[in-house]
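Working notes, beginning with the structure itself.
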Amino acid sequence: MLKRLTFFIFVFSFLFLSGLPVSVAQGKITLQEPPAVTKLMEDFVQFGKTNENVKAWRIQIITTDDRREMEAARSQFISLYPYVNVDWKHIVPYYQVRVGAYDNKTKLMPFLLELKKIFPAATPVYDQISKRTLVLK
């Protein structure tokens, strides 16, 4: 996704800086964009709408092969932090509880240090996260 975004930015910048017709009248700037740029932007917007998930950071508080242990850790976390997003995965044979949603690792570090007091095995993980989860946090 990052490669595609970089490509769109490069093409847009190239077309913008390559002498497009621009007119200035009464302090208003009018840019006549070529159809290729319009199509490129429409494709970029459509790509963003069709891809629901993005790569982002979460904190994994437990990994265990015991479902009851996973559920206990999940319940304990929810009782301590009811406002934080919690999700669990079953990747055979392990159960994983992942919490939070952060666009970069630096933002999760203060919360990770707090969680390590209760969940010593807490670790940052790079995960596929719904865009809505990342925005709503």
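A crude spin-label estimate for the pair Asp66 and Lys28, with each label 7 Å from Cα along the Cβ direction, gives 7.1 nm.
Compared with the alpha-carbon gap, the fully stretched path from Gln46 to Leu113 is longer by 20.3 nm at 0.36 nm per residue. Each of Trp88, Trp57 has some number of other Cβ atoms within 10 Å of its Cβ, and from fewest to most they run Trp88, Trp57.
Spacing of the modelled spin labels on Thr6 and Ala36, each 7 Å from Cα toward Cβ, amounts to 2.1 nm.
None of the figures in this text is laboratory data; all of them are computed from the coordinates on show. These numbers were taken from a predicted model, which means no experiment stands behind them. Cβ sites come from the backbone with ideal geometry, for glycine too, and all protein chains shown count toward neighbours.
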